[in-house]
Amino acid sequence: MTHVAHPYVQRIGINRDWRSRWFTTDPKKFREYLRVDAALRKMLKTRLKGMSVDTVEIERSQKDIRIIIKTSRPGLIIGRSGEGIAKLKKEIDMFLRKQKMIGNPDLKIDIEEIRSPESSARIVGQMIAEGLEKRLTFRRVLKQTVEKVIANRDVEGVRIMLSGRLGGADMARKEELKKGRIPLQTLRADIDFARVEALLPYGLIGIKVWIYRGEVFADRKAGQQEQAPRDSRSARAPRTPSTSRGPRSTK
């Protein structure tokens with residue numbers, strides 16, 4: 001049996017960062033922060049369903065808590081003249097008070113827009129789930145989504161797997177479609193991974209999405225600067241004259 005590692009967790013500290021950023025030496029506060037973070041993510045997952053939310057990041061300090069919501073549709077969350085974000089902030093504030101936290105930190109909410117939603121694995125998984133819940137055939141949804149994702153210039157490979165009672169069959173099975181490269185064992189590879197569920201009348205359909213967005217190097221500019229002098233040297237190097245002999249005269 002192989003031990004499959006999560007592509008995101010495996011790359012933390014290499015080209016990924018933690019989604020909850022805080023520090024404490026008090027065991028009681030550590031338990032509280034961990035419990036509240038998990039409950040808050042679960043609440044936001046239900047509250048922001050259908051709004052193309054990719055990730056929810058949480059930052060804490062001694063006096064405040066900051067929630068960063070990354071989405072491809074910020075207008076749906078912010079609302080007209082900021083009504084939606086004010087309502088969401090009020091709901092989160094009431095939710096945090098029910099958790100009986102130690103102290104009363106100030107709440108801050110930031111909305112960040114994702115420019116290319118086709119390069120986000122979670123948003124692509126939500127698109128597939130919406131298609132399946134509209135009773136579209138799973139093969140058609142798979143092919144259309146893969147073609148749409150691979151057409152993005154930031155994406156070099158995509159892999160999508162569906163599992164469950166596909167097409168309403170009595171026996172559950174898996175279907176997979178892949179295009180391009182997915183180098184899971186290369187740690188510098190920028191691979192986004194997500195699990196999404198589609199709720200259908202005959203059961204849940206599990207969706208897994210892998211998206212490969214190229215390799216991430218520590219200092220790309222330094223590599224380009226090193227490459228530039230090499231190219232200039234090769235351009236300046238004089239060419240050796242070729243000695244060509246003429247045709248021999250035959251008597």
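A few points about this structure:
- Under the simplified labelling scheme, the Asp17-Gln62 pair shows an inter-label distance of 2.3 nm, with each label point 7 Å from Cα along Cα→Cβ.
- Anchor Lys28: lysines whose Cα lies under 19 Å away (excluding residues fewer than 8 positions away in-chain): Lys63, Lys98, Lys100
- Burial ordering of Ser163, Ser119, fewest other beta-carbon atoms within 10 Å first: Ser163, Ser119
- Entry note, the chain: the mean residue ellipticity at 222 nm calculated from DSSP H runs of n ≥ 4, each adding -39500 (n - 2.57), is -11000 deg cm²/dmol after division by the residues and rounding to the nearest 500.
- Residue with peak Gaussian network fluctuation, the chain [Cα springs, cutoff 10 Å], from Met161, Met127, Met94: Met94
- In degrees, nearest ten, helix 121-133 long axis to first principal axis of the chain (Cα): 70 degrees
- Rounded tilt (10° steps) of 138-150 against the dominant C-alpha axis of the chain: 60 degrees
- When all alpha carbon pairs of the chain are counted in 10 Å bins from zero, the resulting P(r) reads 6, 22, 26, 22, 11, 5, 3, 2, 2, 1, 0 %.
- Within a Gaussian network of the chain (alpha carbon springs, distance under 10 Å), most fluctuating of Asn152, Asn15, Asn104: Asn104
- Region 6-116 shape via C-alpha gyration tensor axes, a/c threshold 1.5: oblate
- DSSP bridge orientation in region 17-115 - percent antiparallel, rounded to nearest 5: 40 percent
- Footprinting exposure proxy for Val216, Val149, Val4 (fewest neighbouring C-beta atoms within 10 Å first): Val4, Val216, Val149
- In a reduced charge model with +1 at each Lys and Arg Cβ and -1 at each Asp and Glu Cβ, region 17-115 shows a dipole moment near 420 debye about its Cα centre.
- Qualifying chymotrypsin sites (Phe, Trp or Tyr not before Pro) for region 176-221 [loop in DSSP, other Cβ within 10 Å: at most 16]: Tyr202, Phe217
- Positive-pole candidate from Val53, Ala39, Phe23, dipole of region 17-115, charges at beta carbon: Ala39
- Extension gain from Lys98 to Leu177, taking 0.36 nm per residue of separation minus the Cα-Cα distance: 24.0 nm
- Degrees, to the nearest 10: 83-98 long Cα axis against longest axis of the chain: 60 degrees
- Bridging of Lys70 to aspartates and glutamates at a Cα separation below 17 Å is possible for Asp17, Asp37, Asp54, Glu57, Glu59, Asp110, Glu112, Glu113, Glu118, Asp192, once same-chain residues fewer than 8 apart are set aside.
- FRET E, pair Gln10, Arg135, Förster distance 41 Å, beta-carbon r, rounded to 0.05: 0.65
- For the options Val141, Val124, Val158, a Gaussian network treatment of the chain with springs between C-alpha atoms closer than 10 Å singles out Val141 as fluctuating the most.
- Shape parameters for region 118-215, alpha-carbon atoms, Rg then Dmax in Å: 13.3, 42
- The antiparallel fraction among DSSP beta bridges confined to the chain stands at about 75%.
Read-outs: derived from the displayed coordinates by stated rules, not from any lab. Source: prediction; values computed, not measured. A quick note on method: Cβ atoms are made from the backbone with ideal geometry, for glycine too, and the neighbour counts reach across all protein chains shown.
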